[in-house]
Structures are given as structure tokens and as C-alpha cells.
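The values are calculated or read from the model by the stated rules, or taken from the named source; none is laboratory data. In this text, all values refer to a predicted model and were calculated from it rather than measured experimentally. Note that each Cβ is placed from the backbone with ideal geometry, even for glycine, and that neighbours are counted across all protein chains shown.
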Amino acid sequence: MAFLKAFAALLIASLVLVHFTYALQEVINSKPPAPSPQPLKPIDCTGSCKTRCSKSSRQNLCNRACGSCCRTCHCVPPGTSGNYEACPCYFNLTTHNSTRKCP
């Protein structure tokens, strides 16, 4: 009889220990809530695209494509060409023919 009481007490103590260990792991692994996304700063697409297309031989076409990309991505890479790493979205937009859309 004493053996059964000791076994039951040990079993209950083990279950309580497992429960508290699981609860502690949940607390440790829980992440704080993600911060709310900040609204995008408005960008002057006209001015940015005018600078970007200043050396283009077809400025109207360049400005139209750049403006479309700017409105979609909310950024324009600096300079007159290249620097796509500053705005990956701008670089990744493509036309229906899978060519880069943004100048």
C-alpha cells in the first residue's frame, strides 16, 4: 500500500514538473508583438524621375516608365543609371516580355 502511495505521488510530481517545464518553454519562446508598419513617406516621383532620366535620349518615355515604377515601389534609385540595389522593387519590375520595365 505504501508503495502505491509513493508511486502515485511520484507520478503526480512528474506530471506537474513536465507541465511547468512546457509552460516555461512557451514563455521563453514567445516573441513580442511585431511593431505596426510605418506608413511610407511620400516621394516626389516627378522630381526623382526627372533626375533619373536627365541623360536619357528618350526622356518622355523614360519619365513615363520611371513614374509608373516610382508609384508602384515608392522609390527611385539615385543617379541616372544603375544603383538598383538601393531599390530592389524598382529593379524587379518587368514588362509582359520579361524585360526590365524601369529605367
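Only one of the numbered conditions (1) at pLDDT 80 or above; (2) polar (S, T, N, Q); (3) surrounded by fewer than 10 Cβ atoms within 10 Å (Cβ to Cβ) is violated by residue 48, and that is (3). Taking (1) loosely packed, with under 11 Cβ neighbours inside 10 Å; (2) modelled with pLDDT of 90 or more in turn, residue 56 satisfies each apart from (1). Within segment 18-40, identify whether any single residue is small (Gly, Ala, Ser) and modelled with pLDDT of 80 or more, and answer yes or no. Within segment 18-40, none of the residues are small (Gly, Ala, Ser) and modelled with pLDDT of 80 or more.
Flag not set for residue 88, criterion: surrounded by 13 or more Cβ atoms within 10 Å (Cβ to Cβ) and at pLDDT 90 or above.
Filter segment 57-75 for residues that are more than 18 Å from residue 99 (Cα to Cα) and in a loop (DSSP other than H, G, I, E, B); which is farthest from the chain's Cα centre (by Cα)?
Quick first cut of segment 57-75, residues more than 18 Å from residue 99 (Cα to Cα) only: 57, 59-60, 71, 74-75.
Going one step further and asking which of them are in a loop (DSSP other than H, G, I, E, B), we end up with 57, 74-75.
Details: 57: 35, 74: 14, 75: 15 Å.
Restricting to residues being more than 18 Å from residue 99 (Cα to Cα) and in a loop (DSSP other than H, G, I, E, B), the top hit is 57.
Scanning segment 45-63 for residues that are under 17 Å from residue 89 (Cα atoms) and among the charged types (D, E, K, R) yields one hit, 52.
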